[in-house]
Amino acid sequence: MTIFMRLNRTLKLRIIMTFIGVLGYSTVGSSMTIYYNHYLGAAITGVLLIISSVSSFLIGLYGGHLADRHGRRPILLIGSIISILGALIAVLSNSPIFQNPWTTFVGFFLLNFGFSFESAADNAMIIDVSDETNRKYVYSLSYWIINVSITFGAALSGWLFRDYLFDLLLGLLVAQLINGSIKYFLISESFVPASKAKKERESFIQNYGVVVRDKIFLLFIGAVILNKVIFGNIDFYLPVHLSDSFKTTTIFGFEIYGQRMLTLFVMLNTLIIIFSMTFINQLTTKWSERKSLTTGALLQGLGFAAAFLMNSFIPLILASIVMTIGEMILVPSSQSLRADLMNEEKIGTYSGFVTITDPIGSVLSGSLVSFSVYIHHTGVAVVMVVVTVLLVLCFNQVMKMKTQADIASSKNT
């Protein structure tokens, strides 16, 4: 708490906004696929989700470009206005007097559009107002807050989504209005472009060309994609594996089958993060970046590999614990390293470029599900081990190149 009180006011507000925003969205977001499938069918739902994902990715890139050209605050405000409008349309589309799944999709499309548009500016602002002494703590706290918010939001969704969707959407709208008000009245600009004329001459392509030519950052992006392939399988192959292979067991008179084991695996992951994140952060606070990244990647990757080899309750619980400890060590260190690697004049652009890792990671994780038909769970576990080794090698090479670049820079100055 002492460290929190010493943080920049913008960082404190941002953490509060994260809790409000994630809590509001998680009460409905994870269940909207069920909603669309019920009203529109699986085929149309799939197309709509693809459209939303691709659009969000592209607008995230553009938002990052604009955040470096015009500053962070205008982008945050525009994104917030779009999100509020989307939430309002979703509320009106599920009111007691009017229900329409198509306009509901429009509302959520705008909501996600606004989130994605301001995402890079939001991440860039965190980097602007933090430094190397507190950045890892900020990312650790944000990660903890996100997990707490999702836990409460998912619980509300599970109990209330079917019968009280309008009320949940109304809560989502209120959350967006609160965050929008904080941005407008309390958040100040954290970045002013050094030369506005120069920024305006740089095109979208030229701006991202700088990132593409940054070899160290590109290698880091490769590492992030590898990490998403590993962790993404909690939504892709793990459900398939548990559904097909888990041996149904009874614990205290309660039957545990594949689907329930998946729920327990995810719940345990979230609860460990909520109750142990502070302890893990204190334990690793004096670790070097290399040690944190290597240890975290190994524990997370090998934990998943073990989970794909196991089909009984206790071993899977142990695998979840190992994987989660690795995740808690890896995530803050990785995010802190990402910030250190960014060009200070193009943090928004760099933050926007990071969004490319989500669709690529999802495609690769999804492909692994298809290949599992031929390589089975043992083959998938081997792939996880190989990807983990590659991830560790990438992180270590990034650290080596970063150290060499720092030494060269100090000699030049």
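The values are calculated or read from the model by the stated rules, or taken from the named source; none is laboratory data. The model shown is predicted, which means the values in this text are computed figures rather than measured ones. Here Cβ is always computed from backbone atoms with ideal geometry, including for glycine, and neighbour counts include all displayed protein chains. Surface accessibility is based on the protein's heavy atoms, side chains included, excluding ligands, DNA and RNA. Shrake-Rupley method; radii C 1.70, N 1.55, O 1.52, S 1.80 Å.
Quick notes on this structure:
- Listed peptides 82-92, 180-190, 352-362 by packing density, highest first (mean Cβ within 10 Å): 82-92, 352-362, 180-190
- Of all aspartates and glutamates in the structure, those lying under 17 Å Cα to Cα from LYS400, and not within fewer than 8 positions of it along the same chain, are ASP214, GLU289, ASP340.
- What a 1.4 Å probe finds exposed on the range 170-323 is 65% carbon and sulfur by accessible area, rounded to a whole percent.
- Of the DSSP H helices in the chain, those whose Cα atoms cover at least 27 Å axially and whose Kyte score averages 0.0 or more: 42-70, 72-92, 101-129, 135-160, 165-185, 258-284, 289-309, 313-341, 357-412
- Charged-residue dipole, Cβ positions (Lys, Arg, Asp, Glu), the chain about Cα centre, Debye nearest 20: 840
- Taking amide H as placed 1.01 Å from N in the peptide plane, GLY71 has no amide H partner under 5 Å among residues 5 or more places away or on another chain.
- Three-way shape label, the range 107-150, alpha-carbon gyration tensor, a/c 1.5: oblate
- Per residue, the accessible area of the chain comes to 48 Å² when a 1.4 Å probe rolls over the protein heavy atoms.
- Qualifying trypsin sites (Lys or Arg not before Pro) in the range 264-360, where qualification requires a DSSP coil assignment and no more than 13 other C-beta atoms within 10 Å, comprise LYS286.
- Each peptide in 56-64, 128-136, 274-282, 326-334 receives the mean, over its residues, of other Cβ atoms within 10 Å, and ordering these scores from highest gives 326-334, 56-64, 128-136, 274-282.
- R0 of 35 Å, Cβ-Cβ distance ARG9-ILE314: FRET efficiency to nearest 0.05: 0.15
- Order by protection proxy (mean Cβ within 10 Å, highest first), peptides 12-21, 138-147, 240-249, 368-377: 138-147, 12-21, 240-249, 368-377
- Cut-off 16 Å, label 7 Å out along Cα→Cβ of PHE371, residues of the range 232-251 by amide N: 232-234, 236-238
- Charged side chains reduced to their Cβ positions (Lys and Arg at +1, Asp and Glu at -1) give the range 1-101 a dipole of some 560 debye around its Cα centre.
- Shape call, the chain: gyration tensor on alpha carbons, a/c limit 1.5: oblate
- Here the gap between THR33 and THR103, fully extended at 0.36 nm per residue and compared with their Cα-Cα distance, gives a gain of 23.7 nm.
- Only Lys, Arg (+1) and Asp, Glu (-1) charged, at Cβ; the range 264-413 dipole about Cα centre in debye: 320
- Cβ-based charge dipole, the range 329-410, positive-most Cα from GLY352, SER334, THR388: THR388
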